[in-house]
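Single-structure report; data block below.
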Amino acid sequence: MRIFVLLGVILLYGTTGFVYFELSENPDLSWSDGLWYTVVTMTTVGYGDFFPKSTGGRFLVGWPVMVFGIGLLGYALSVVAAALVTSKSKEIKGMSSFDIKHHLVVFNFPGMGKVERIVDELRMDPSIGRSLPVVLVDESLEELPPELVKRGIHFVRGNPVRDGTLSRAAIDSVCHAVILSRNPSDPASDNLNVTIALAIEGRNRKANTVVECVDPASEELLRKAGCDRIVCTSRFDAHFLSQELLNPGIQEVMDDLLSASGGQQLYLTAVTREATLAEFSGLCREKGHVAIGIHQGKNISMNPPGTTIVGQGDRIITIGPGRLPKL
C-alpha cells in the first residue's frame, strides 16, 4: 500500500510540476498532458510528444520522475508479480484456503490414474457438469501434479480429519465427498476412512458421501459412521475375475455400461406413481431406454415379469444413452 501511495505522489508531483514550469512555454498544456508526460516517463516509453524545455522542468521535475518514478514502478510491478507467483505456488502446494460452495471434495490420493478417472467420469455426467469445483485433500502429497492442475482441481494438504484442513476445503458447503483408500492393498486404510467419514458427518450431514473400503468387514462400521454409500473394491474385483473367466468379454461390457464416456450406461430412475413394470417399460422405450430390473429398498429384481407392480419410491433399472427424469 505504501508503494502505491508513493507512486500516486510521484504522479501528482510530475503532473503539477510539468504544468507549472512548462505552461509559460506552451499555453495549450492541460493537466492531462502533464499526467501523460509523467506516465510516459515513468514507464520509460518516451514518445517525445511532451518534454520539458525549461530548466526547472528538466531538473526539478524530469530528473525526480525518472529516478524515483521508474524505480518505484519497477519495484511495485515486481511485488505484484511475486504475490501472484506466491499465491499460485501456495495453491499448488496445498497451502491455500477456498471459499467455494456446492463442490466435490476427494479425500486421499492413491494414484494419478484413479483420481483422473473419477473426476473425468463425474464431470461427464450432466447432473454434475464440467463446471463443478473439485478439491483434493491429502496429507502426504507434496504438490498437485500438473495433470490435475490442468483439470482445474484445487488442492489442500493436511490431515483430513482435522477441522482446520476441512475448513480450508470448505467442507461446510460441500455437495459431494468421495473418500478413497490411501492404499488399496492395505485393509488398515479403512480405519482412516472411518475417521474421515466421522469428521465430515460432524461438520456437514447434508454432504453426499461415497466411501471406498478394502475389507468387507469394514462396511458396517462405515455405515455407522454415517456414510451414504460404500463401495467395497475387493468384493467387486472377485466378481469381475470370476465372471471374466466364465463369460469372456464381460469386462468390456461392464466398462461400457459403467462409463459415461460413450455408449449406453446403467441408470436408476425413480418413479412417482404406482404402475406395472410393463407400463414403465413402454415409457422407457419411448425415450430410448430398456428397463431391465427394479430396485425396491434393499432388494433388486432383474428381468422381472411385466406384471410386477412398481410403487412410488421404487427405482427402475434401465440401460440408455442418458439420464431420465422421474417417471
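Summary table below
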item: Among the candidates ALA291, ALA225, residue that is farther than 24 Å from PRO305 by Cα, among the small types (Gly, Ala, Ser) and either in contact with a Phe, Trp or Tyr (Cβ under 8 Å, 6 or more places away or on another chain) or surrounded by 15 or more Cβ atoms within 10 Å (Cβ to Cβ) (or both); result: ALA225
item: Helices (runs of 4 or more DSSP H) contained entirely in segment 97-208, each with at least 2 residues that are touching a helix residue (DSSP H, G or I) at 6+ places or on another chain (Cβ under 8 Å) and surrounded by 14 or more Cβ atoms within 10 Å (Cβ to Cβ); result: 112-124, 146-150, 189-203
item: Conditions (1) in contact (Cβ under 8 Å) with a residue 12 or more places away in the chain; (2) hydrophobic (A, V, I, L, M, F, W, C); (3) open to solvent by 70 Å² or more (accessible area, probe 1.4 Å); (4) farther than 18 Å from GLU212 by Cβ; number of the one not met by PHE240; result: (4)
item: Among (1) under 30 Å from ALA188 (Cβ atoms); (2) part of a helix (DSSP H, G or I), the one test that VAL67 misses; result: (1)
item: Candidate set from segment 305-327 (those that are charged (D, E, K, R) and buried (at least 18 other Cβ atoms within 10 Å of the Cβ)); member that is farthest from LEU257 (Cα to Cα); result: ASP314
item: Residues satisfying the stated conditions in segment 27-36, i.e. open to solvent by less than 70 Å² (accessible area, probe 1.4 Å) and either farther than 17 Å from TRP63 by Cβ or part of a loop (DSSP other than H, G, I, E, B) (or both); result: LEU29, SER30, ASP33
item: All strands (runs of 3 or more DSSP E) inside segment 231-327 with 3 or more residues being over 24 Å from PRO216 (Cα atoms); result: 265-270, 290-296, 315-320
item: Inter-residue pairs, beta-carbon under 9 Å, first without any contact (Cβ under 8 Å) to a residue 60 or more places away in the chain and in segment 60-83, second exposed (fewer than 12 other Cβ atoms within 10 Å of the Cβ) and not aromatic (Phe, Trp, Tyr), 6+ apart; result: MET66/THR44; ILE70/THR44
item: Set VAL45, VAL39: member being surrounded by 16 or more Cβ atoms within 10 Å (Cβ to Cβ) and either without any contact (Cβ under 8 Å) to a residue 60 or more places away in the chain or closer than 16 Å to GLY69 by Cα (or both); result: VAL39
item: Hits in segment 215-237 (condition: at pLDDT below 80 and within 17 Å of ASP255 (Cβ to Cβ)); result: THR233, PHE236, ASP237
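The values are calculated or read from the model by the stated rules, or taken from the named source; none is laboratory data. Given the structure is predicted, the values throughout are model-derived calculations rather than measurements. No Cβ is skipped: glycine too gets one built from the backbone with ideal geometry, and neighbour counts run over all protein chains shown. Just so you know, the surface numbers come from the protein's heavy atoms only, side chains and all, with ligands and any DNA or RNA stripped out. Shrake-Rupley method; radii C 1.70, N 1.55, O 1.52, S 1.80 Å.
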